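Trainee: Take this structure first; my questions come after.
Read-outs: derived from the displayed coordinates by stated rules, not from any lab. Here the structure is a predicted model, which means the values were calculated and not measured. Here Cβ is always computed from backbone atoms with ideal geometry, including for glycine, and neighbour counts include all displayed protein chains.
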Ligand SMILES: Nc1ncnc2c1ncn2[C@@H]1O[C@H](COP(=O)(O)OP(=O)(O)O)[C@@H](O)[C@H]1O
Ligand SMILES: [Mg+2]
């Protein structure tokens, strides 16, 4: 095995552990393998897509302390591919092996109320919201926030799950709360945005980077398509990047983070509203696999392993399309498209609403950011990490 004098730097041959075995874990594992790491996966679900591309896997529940410790002992560094991991699971692992991004990032982002409290404390813009624990809270919140709102469970939401849009015509408060399983929730004002964008930022102990901003099209609250470059003004783009960087600095974050935002050009005072923070690689960053020199997956691995960050430079315009459910049955047609790269996750059944793969279509580059160094005045200064 190769060695490194700096104990914060993982040499090739080290073991990278990943909590979660979905497609994000699979693509992280493939990227790690390319750099010579061995990958161990921990996931409760049988037949997880990441198991097939890893050196070893643990298929066990997140509260199995023995298995968690065994996994942790086998790894040199551990990361995760989704944020709905019980904090106790991460505590057990990090008592043995470092986990990055750390438990603080997870605690903030796995609960929409914590996330919004964190953003508000850091003077970052979010949609007007109120905490909802019961039907009285909900009635009060509806009164305060108006009749175009969205009820969101605080935890475990993804792809629009645990969310209900409310208007004056919808069900009465007790019914709506029951529909999301009477979980603790927030009510949020519906934002009349022009477009959704995301910023992929990357932070290591001493570097801060970002990818070009992309534009996201959702269908039924699920990401359908991502397009780069986003058609937004350069000064808005800069604002969005600064906001996302601020989040990583305030959290003392290490790794790749995706920040989803609503772009509302008509609102001159507040053209950008932060919707969601993902403390991990993200579906809206899949375009980087084929459109950039180093993609989000490899750069996440580089950041957590103490390596220099790779170039985030984009060499093509890209349209990324998610292949959802039975879309995947047309794989042969996609495979024959010479302008596109096909990615298939190896899931057994193409169930409705299930992400089965994606297609990145490359187009000629129409815009590229200025060479690094030319925008130095705008880059937030790093505080030394503790
Ligand atoms: N306050 C809002 N106003 C308008 N649309 C919203 C709002 N919140 C969510 N949405 C829509 O629903 C999608 C999914 O919501 P999000 O909060 O990102 O949850 P998820 O965790 O499911 O991604 C968003 O990408 C957006 O299209
Ligand atoms: Mg989202």
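Trainee: Going by how many other Cβ atoms sit within 10 Å of their own, how do 301, 93, 293, 85 line up, fewest first?
Mentor: Numbers: 301 28, 93 24, 293 13, 85 19.
Sorted ascending by nearby Cβ count, the order is 293, 85, 93, 301.
Trainee: Assuming 0.36 nm per residue, please report the length gained on full extension of the stretch residue 231 to residue 163 beyond their Cα-Cα distance.
Mentor: Details: separation 68, 0.36 × 68 = 24.48 nm, distance 2.83 nm.
Fully extending the segment from residue 231 to residue 163 adds 21.7 nm.
Trainee: Right, another one. Kindly identify the chain as rounded, prolate or oblate by the Cα gyration tensor criterion: order the square roots of the eigenvalues as a ≥ b ≥ c, call it rounded if a/c is under 1.5, otherwise compare a/b with b/c, prolate if a/b is larger, else oblate. Could you put the intermediate results ahead of the total?
Mentor: Numbers: a/c = 1.35, a/b = 1.22, b/c = 1.11.
Judged from the Cα gyration tensor, the chain comes out rounded (a/c under 1.5).
Trainee: Right, something else. Between residue 175 and residue 333, what is the spin-label point distance in nm, taking each point 7 Å from the Cα along the Cα→C-beta axis?
Mentor: 4.0
Trainee: Let me ask you something else. Can you pull the one-decimal nm distance between simple spin-label points at residue 221 and residue 122, each 7 Å off the Cα toward Cβ?
Mentor: Taking the simple label geometry, residue 221 and residue 122 are separated by 2.5 nm.
Trainee: Where does the range 286-333 land on Rg/Rh, using Cα atoms and the Kirkwood Rh? Let's see the in-between values first.
Mentor: On the way: Rg = 14.2 Å, Rh = 12.5 Å.
Dividing the radius of gyration by the Kirkwood radius yields 1.14.
Trainee: Let me ask another. Return the tail of the calculated pair distribution for the range 128-189, meaning the percent of Cα-Cα pairs more than 12 Å apart.
Mentor: Values: 1125 of 1891 pairs.
Roughly 59 percent, rounded to a whole number.
Trainee: Now a separate question. If I stretch the segment between residue 3 and residue 65 completely, what's the gain in nm (0.36 nm per residue apart, minus their alpha carbon distance), one decimal?
Mentor: On the way: separation 62, 0.36 × 62 = 22.32 nm, distance 3.06 nm.
Additional length available on full extension: 19.3 nm.
Trainee: In whole percent, what relative contact order does the range 195-378 give with Cα contacts below 8 Å and a gap of six or more residues?
Mentor: Working: 364 pairs, mean separation 37.1, N = 184.
Rounded, it is 20 percent for the range 195-378.
Trainee: Output needed: percent of Cα pairs per 10 Å distance bin for the range 15-99, bins running from 0 to the one holding the longest distance.
Mentor: 21, 59, 20, 0
Trainee: Could I ask something else about it? Taking all pairs of distinct Cα atoms, average 1/r, flip it, and tell me the Kirkwood hydrodynamic radius of the range 195-378 in Å to one decimal place.
Mentor: Details: mean 1/r = 0.0587 Å⁻¹.
Hydrodynamic radius (Kirkwood, Cα pairs) of the range 195-378 is 17.0 Å.
Trainee: On a full-extension model of 0.36 nm per residue, what is the gain between residue 156 and residue 104, subtracting their alpha-carbon distance, rounded to one decimal in nm? Each step should come with its number before you reach the end.
Mentor: Values: separation 52, 0.36 × 52 = 18.72 nm, distance 1.71 nm.
Answer, rounded to one decimal: 17.0 nm.
Trainee: While we're here: Consider just the alpha-carbon atoms of the range 210-295 and return their Rg together with their Dmax, both in angstrom.
Mentor: My reading of the Cα-based Rg and Dmax gives 13.0, 36 Å.
Trainee: Quick check: the distance between the Cα centres of the range 281-310 and the range 72-90, to the nearest angstrom?
Mentor: The two parts, judged by their Cα centres, are 19 Å apart.
Trainee: When the C-alpha atoms of the range 24-64 are aligned to their principal axes, what extent does each axis show, in angstrom, from largest down?
Mentor: Over the range 24-64, Cα extents along the principal axes are 31, 15, 13 Å.
Trainee: A follow-up question, please. By average Cβ neighbour count within 10 Å, what is the ranking of 144-157, 18-31, 251-264 from highest down?
Mentor: Details: 144-157: 18.0, 18-31: 25.2, 251-264: 23.7.
The packing order, highest mean first, is 18-31, 251-264, 144-157.
Trainee: On to the next question. Note down the nm distance, to one decimal, between modelled labels 7 Å out along Cα→Cβ at residue 133 and at residue 148.
Mentor: Calculated label separation equals 3.1 nm.
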